[in-house]
Every structure is written in structure tokens, then in C-alpha cells.
1. Counting only other residues whose beta carbon sits under 11 Å from that of Asp178, what net charge do I get with K and R as +1, D and E as -1?
2. Can you give the relative contact order of region 365-482 as a percent, counting alpha carbon pairs under 8 Å and 6+ residues apart?
3. Over the chain, what is the mean sequence separation of C-alpha contacts under 8 Å (at least six apart), divided by residue count, expressed as relative contact order in percent?
4. Once R0 is set to 25 Å, what does the formula 1/(1 + (r/R0)^6) return for the Cβ-Cβ distance between Glu85 and Thr54, expressed as a FRET efficiency to the nearest 0.05?
5. Pairs of Cα atoms under 8 Å, at least six residues apart: use those to get the relative contact order of region 275-416, whole percent.
6. Which of Pro403, Thr113, Trp165 sits closest to the plus end of the dipole of the chain, meaning its Cα is farthest towards the positive end, when Lys and Arg get +1 and Asp and Glu get -1 on the C-beta?
7. Taking the dipole about the Cα centre of the chain, with the C-beta of Lys and Arg at +1 and of Asp and Glu at -1, give me whichever of Tyr200, Val304, Val98 is farthest to the positive side.
8. Where the centre of each part is set by its Cα atoms, how far does region 120-192 sit from region 242-308, in angstrom?
Amino acid sequence: MKRTFSALLALSLMLSLSACQSDDGTADTTPTDTDTQTVTAATTEVDIYAELPTGDFTGEEFVFANEIGSGSWSILMLDCENTGEVLDSAVFNRNRAVEEKLGITIKVEEYATGGALLDALNRNVMANEDPYDVYDIPANVVAPLILQDYFVDVDTLGLDLEKPWWNDTVMDSLSFNDTCYSIAGDLSIMLWEASYGLVYNKDMAERLGIPDQYELVKDGKFTLDSVYEAMSLAYQDDGNSEVDSADTFGMTGNLRLMTYSMIAGGESIIPKDSDGLPYFEAPSERLIEMYEKIFDVYFDNTNVCLANKLVFKDKSKNWHSIFTDGQALYYFEPIGSNVKLRDVNFDFVFLPMPKYDEAQAEYITPILQFAHTMHVTKANDNHEMISVVLENLAAESHRNVRPAYFEKVLEGKRTSDDRDIEMFDIIFDNQVFNPAAVYNWGKMADTLNNTALSGKREITSSIASITSVIQSDIKATIEYYS
């Protein structure tokens, strides 16, 4: 059911071409079979919006609670002034359209920090009187509160989760026993911002004769192996036979390369049993094999500039500036990193995280564990209005905010390529959280990342030392969702 932005572009193009020019230069308005098919397709697309729920909530306020303090790299806004900037205008117009349609006023109460928002959430639930309709809060912050029975499950709200503006893969990744308490969809810009991929120095690749990455991705051949081969072609020593800030690298990134590459490779880290509940007895053979391969590709490789491992004498240089100064082929960062790329003097491309191998069916996009999800507390019983408002806001986001976001992200690119949008479609079509990081059971994700950063290729002993803690930590999750 997911409708990609490239499909929107294609539909728009077909509609514009349907008014073809006749030989004398006037518009030929005589419908053809192709025109009829195009109009039918357009009607089919628009029908998903015609089914939106309605209601008269005249005079009601709909209030979000949001944490805004960590927005230096990511866009958290749920409302704004109409500044004329493309994304601001899209968000402003979305909210005003829904207000007019439903007779409501949308407000956002913004807290400076996640801690302050968490304090307010606790107070409101304890008082059993909640002035906020929806909380937009980091997934890892809210996870313990789910187990304290703070929230209504998503099914209670009656949202039409088959619609393309709801993110089923994100909610599935946070579901246990077919139950989810976290709302995710196109209403949340941060879910796009916090999606990890690889930024690619297109100019460097062309100079080095590296295969077309767009085509590798589309052919399903963008894998750890293909990335390793390209990185090997990119590394260049500055002539002093030392790894330093003057070198050119294959990759620049941080220790999350381990667990996020696992997630992108289809490894759940802590799996679910047949009832959809987390369980852990010992690391699987596949997890061990995957750890070792990712270690070899990214952590035991001088082609990679890793934060906290490679420290430069030149303190003006770091793993970010290595890429923005044109000294790395790949940059492991979430999409929100585009703010760092506005002034670069080379062309770049956003790519999905590579598959583990070509046998993997789909690309998988890991999301930062502190990305925001939305929640409704049990202290608020205004479920009908909440459902109708959220459905309409998410739909308007899908229709207008999503394309505006892509336009904003692509600002600063020196050249335009229609395939850029195809890459975003792939990145955003299969986003997932890593529950092992969101719930932090036994600090399993931290152990994998830190062990790799320390230079250890052997992982079984490190996991064995925390297995009992993992099992103890997941017990509360199992009991609640059971």
C-alpha cells in the first residue's frame, strides 16, 4: 500500500502531458485512450484521501507534547510559522487544512529537553488527567513507560493502518505479541531524519571509475562486499605511510556501524519467538558470522575513519569533516546529516544501508533508538477525536509534507538526478527500530558496538558475560506483552 514519491512524480508528469499540443500549436483537449487511463489512475490515487474520516469537533483543542531541545541535526517540528521555506510552509498548511476541516485548533507544547517532557508525562499519568492528546517522545525514553501500562495500544485508536501514510515496518519492529503502543507514520519528520544510510561522494567515485551505485542498489547488488570493494579503491595515503587526517578514506562513520549493519542485514540481535515475544539464550551462528564479517569490513580496515578510534593530531579534523572536505567515499550518517552537506564542493548521493549479501530480499533501514514515536496515554479518553485528527494529519503529511521534505534534503546538491528520489523510496520503504537498543536489554547493542570498536573479532565471550542480564531484562517485557 505504500505509495512512493517517485510514483507521485510520474503521475504528475503524465497528467501534464495529457494536454498534448496539436499541429497548429493549440491545446488538443480530445480525450484519448491513454488520457482516460491516466485520469483513471489519478482518480484511483486520489481516492485514498476521499476515504479520510471526518467529524465536527468545533471549538476543541488538539494538543501535542513535544521535546524540541535535541533538534540541532534533526527536524522535530509538529507546527510552525509560515516562513515561506518549503518545508515550513508544508507543515503550516497541513495543520491549518486539518483545523479547518475538523473545526479544531492544533497546539504544540514544546519542552526544552526529553527529561522535562518525561517529568510532565509522569505527572499527568499519575494524576489520571492528561491535557495532551499525543506525546511525541524518543522511543528509547518511552519504552520503560510502556511496561508500566501508561499507554493505549495502537489498535484501540482505530487508525486505518493499511493506508500508506502509516509506517507498518516501524510499528512491526516495536510490536510484541501483535501489540504495539507506538504510533509511527508520515506525521513524524524525525523518522525520516533519523533513518540511517550511506552518503556517497559521487564526484570521487566517477574519478576512480567505481561502478554506478544507483544501478547496484536497483539491481539488489549493493552489499557489504560491494562497499568493501569500492572502499578499497578509494583509500589513498598522503605519502607519509601513516594513517592521518591528510589521507583519503573509503568510509567515515562511528561505532554504530556494527549493530546498524546487522539490522540492515536482517539480523534482529535479540529475536522473537513464535508468540512474537523477545527471547535470548545464546548468540546464533548467523549473528556471530555477521559480527565477524562486519568487523572485517569496517573495524579492522585502515580504509575506514572511525570516530573514537582514529584520533588526528590536527584537531580541526574529525570523522565528519573528513567527508565534508571530500576525503571519503562513504559517510555513515542518518538522513538528517544533510545539514552538514549544504556547503560541500562535490556532488553526493544518499544510498540505503547495504544488504548483508545478494541473497537478502530487501534493503532494511535502521532508525536511531532515540527517534521520536507518538503515544496516547490511558489518562486521555478522547480517542475518537485523536484518531480522526491523527489520520487526517498523517494523510496530509503524505500528500504534501513528504515531497517538501525531499526537496529540502536535496538542497545543496550540485546536480539533480531523478534517481535520488528512487533512493529515498528504497530507504523509507522498510524502516525499522532495533528493539535491543530501544529497550537496552542487558546492553546487548552497546556490547556489540564497543567490542568491535575495541578491536576484538571474537564476540561470544563478551555476549556470554551478559546473557543472564539480558534474560533478566527481557523478562519484564515478556510478562507485560503476554
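FYI, it's all coordinate maths here, none of it is from the lab. Keep in mind that this is a model prediction, so the values were computed, not measured. Neighbour counts are summed over all protein chains in view; Cβ atoms, including those assigned to glycine, are modelled from backbone coordinates with ideal geometry.
1. Details: positive: Lys272; negative: Asp153, Asp155, Asp172, Asp275.
After counting each charged neighbour, the total is -3.
2. 32
3. Working: 802 pairs, mean separation 118.0, N = 482.
The normalised contact order for the chain reaches 24 percent.
4. Numbers: r = 30 Å, r/R0 = 1.22.
After rounding, the FRET efficiency stands at 0.25.
5. Values: 45 pairs, mean separation 30.9, N = 142.
22 percent.
6. Of the listed residues, the answer is Thr113.
7. Of Tyr200, Val304, Val98, it is Val304.
8. After rounding, the separation between the Cα centres reads 28 Å.
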